[in-house]
Every structure is written in C-alpha cells, then in structure tokens.
1. State the extension gain, in nm to one decimal, for the chain segment bounded by residue 132 and residue 93, taking 0.36 nm per residue of separation less the distance between their alpha-carbons.
2. Using only the alpha carbons, work out the radius of gyration and Dmax of the chain in angstrom.
3. So for segment 37-98, what are the equivalent ellipsoid semi-axes in whole Å, largest first, each being the square root of 5 times an eigenvalue of the Cα gyration tensor?
4. Once you have all Cα-Cα distances for segment 18-71, histogram them in 10 Å bins from zero and send the whole-percent values.
5. Stretch residue 70-residue 27 to full length: gain in nm at 0.36 nm per residue minus the Cα-Cα span?
6. Please compute one quarter of the surface area of the Cα convex hull for segment 62-119 and express it in square nanometres.
7. In nanometres, what is the gap between the two model label sites at residue 105 and residue 52, each 7 Å from Cα along Cα-to-Cβ?
8. What is the gain in length, in nm to one decimal, between residue 115 and residue 6 on full extension, counting 0.36 nm per residue of separation less the C-alpha to C-alpha distance?
C-alpha cells in the first residue's frame, strides 16, 4: 500500500527570498511553495533527502498555475551519503515528464503528475531537474 514519505530539501540551485525551497518540506494551504530566482539559469535542481531510505514506487509532483516547467527530469540517489556537498552525490537518471502549458484553464488550475518509479533499489535521495518554464503572460 503506498504511503507518503517525509523528506527535507537539502539543495536547491536557486530560490526567491519569499519562496524558499524549504517551503517544500511542509504541505498545506498556508505554504507558499518554492520559486527559483528570477533570471536564473536552467535547469534548476532540487535535491530531497528522504526521512528514511526506502524503495520508491511513485512520485507525485504538483505544478504551479503559471510557473510551469516544460519538463522535469527525475533522478534516484544513493541510499546514504558520505559526500559533504549534496550536489556532488551520484544520481541515476530515471527519465522525465512534461507538463501542459495550462492555457486551456486560463492558468487557474494546477497539474498533478503521478510518476511510477521503476527501480527496485532503496534510495535516500531524490533529485528533480526543472527545465525552462512555459512562457505565458504571467511569467514573462
């Protein structure tokens, strides 16, 4: 039976002061979420440390209404880390998902992606590489 795995963001390639990556550690209606820095380079990377090493079977990603990456790459990390810098960890590329540009909802809905993870290996780290956002009137 699937269950929610707690995690902490241990690395983000950039963030806005009012929308820090640590906002992803909590869930709820008052959480602001994370935004990369304005004028940042792409891809942007976020590394999550799982509360306990586990075998992931699925990951769910909820996108913003108009700050929508065109593509998100998924990477599986090691079970534990002996590295001092989290962005130096070895990761295994799993694949990518694409997201809709959200024009059809006039940028009012959020897309939830559920992605099956094919690896039988335990992991303690998970990385997301977010590519350039779909351009729209709200994010130019």
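The numbers here are math on the coordinates, done by the rules we state, and not lab data. On a predicted model such as this, the values are computed, not experimentally measured, just so you know. In this analysis, Cβ positions are derived from the backbone assuming ideal geometry, glycine residues included, and neighbour counts consider all displayed protein chains.
1. 12.2 nm
2. For the chain, the Cα-based Rg and Dmax read 15.0, 46 Å.
3. 23, 16, 11
4. Final binned percentages: 16, 52, 28, 4.
5. Value of the extension gain: 13.1 nm.
6. On the way: hull surface 20.0 nm².
So the mean shadow area of the Cα hull is 5.0 nm².
7. Taking the simple label geometry, residue 105 and residue 52 are separated by 3.4 nm.
8. Here the answer is 37.5 nm.
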